[in-house]
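So the structure is just underneath, and the comments pick up after that.
The values are calculated or read from the model by the stated rules, or taken from the named source; none is laboratory data. Small disclaimer: the values here were computed from a predicted structure and weren't measured. Cβ sites come from the backbone with ideal geometry, for glycine too, and all protein chains shown count toward neighbours. Side chains included, ligands, DNA and RNA excluded: accessible areas come from the protein's heavy atoms. Shrake-Rupley method; radii C 1.70, N 1.55, O 1.52, S 1.80 Å.
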Amino acid sequence: MKEEKIHLHDKTFKPYIRHERILDAIDGVARELNSDFHGCTDIPVVLCVLNGSIPFTGELLQRIDFPCQLVSIKLSSYQGTQSTGTVLNVMGLTSSVRGRRVIICEDIVDTGNTIVALKEMLLDKEGAAEVRICTLLLKPEVYNKPVKLDYVGMEIPNAFIVGFGLDYNELGRNIRDIYVIDE
Ligand code: 5GP
């Protein structure tokens, strides 16, 4: 791992989680999934939440040993003017998930607004039979939803990170390791 700090736009980030440690966490998640879905007779959907989850989903897929279908979705979320909170715009589900078991692959869960709204939408609007949440990273100090996170790769403190798919204004997604903001 490079020990140097990196600069993206106007901010500086310092080394935080090595690539090898990330892969260990993905190994762990894959073991749990393979155990839970062993012998399944359906074809579960592995749902990649674009763009941040591309590296995570790519590594996870290579470790999954049950038959599965890769589907992607792109979301844009924003705070509504009402107190109901986050509004989700579906910008594309690349294939129908009606009647299917879905494993959402998310890069990071922070407040959980995105993942919880996505789960509800897949069940209520898209007709998924079951939805499980799989996230590489979780900020437990911030997550405040009563919804179970079925598979969690690693818990981290509440700090802004980049790398391994995570961006700062679209920069940093290509970096192998994870870096944390240097304040
Ligand atoms: P939530 O809806 O759980 O509050 O936020 C989830 C989304 O916010 C993630 O999919 C990710 O896009 C973004 N996010 C949350 N924390 C971080 C972070 O530390 N770094 C980056 N780059 N994005 C984050």
Over the range 1-41, average the accessible area per residue using a 1.4 Å probe and give it in Å², no decimals.
65 Å²
Compute the long axis of helix 54-63 from its Cα atoms, compare it with the longest principal axis of the Cα atoms of the chain, and write down the angle in degrees, 0 to 90, nearest 10.
60 degrees
Under 26 Å from the Cα of Lys5, which lysines turn up, not counting those fewer than eight places away in the same chain?
Lys14, Lys139
So, for the range 91-140, what is the accessible surface per residue at a probe of 1.4 Å, expressed in square angstrom?
39 Å²
Extension gain from Glu4 to Phe160, taking 0.36 nm per residue of separation minus the Cα-Cα distance
54.4 nm
Any idea what the relative contact order of the chain is, in percent, if you count C-alpha pairs under 8 Å spaced at least 6 apart?
25 percent
Separation of the Glu183 and Arg98 label points, Cα + 7 Å toward Cβ, nm
4.7 nm
Long-range amide H contacts for Val46: which residues qualify at under 5 Å (H placed 1.01 Å from N, peptide plane, sequence gap of 5 or more or a different chain)?
Gln69, Leu70, Val71, Ile103
Counting only C-alpha contacts under 8 Å and six or more residues apart, can you give the relative contact order of the range 124-183 as a whole percent?
25 percent
Divide by every residue of the chain the summed helix terms, -39500 (n - 2.57) for each DSSP H run of at least 4, and state the resulting mean residue ellipticity at 222 nm, rounded to the nearest 500 deg cm²/dmol.
-7000 deg cm²/dmol
First check a/c for the chain, with a ≥ b ≥ c the square roots of the eigenvalues of its C-alpha gyration tensor; if it is under 1.5, answer rounded, and if not, answer prolate when a/b is larger than b/c or oblate otherwise.
oblate
Nearest-0.05 FRET efficiency for Val71 and His38 at R0 = 22 Å, using Cβ-Cβ distance, is 0.55
Give the carbon-plus-sulfur fraction of the accessible surface of the chain in %, rounded to a whole number; probe 1.4 Å, heavy atoms of protein chains only.
48 percent
Given the peptides 3-10, 160-167, 95-102, arrange them by the average over their residues of other C-beta atoms within 10 Å, most packed first.
160-167, 95-102, 3-10
With a ≥ b ≥ c taken as the square roots of the eigenvalues of the C-alpha gyration tensor of the range 7-62, please select rounded if a/c is under 1.5 and otherwise prolate if a/b is larger than b/c or oblate if it is not?
oblate
Label-point separation in nm, Arg18 to Lys148, each point 7 Å along Cα→Cβ:
3.5 nm
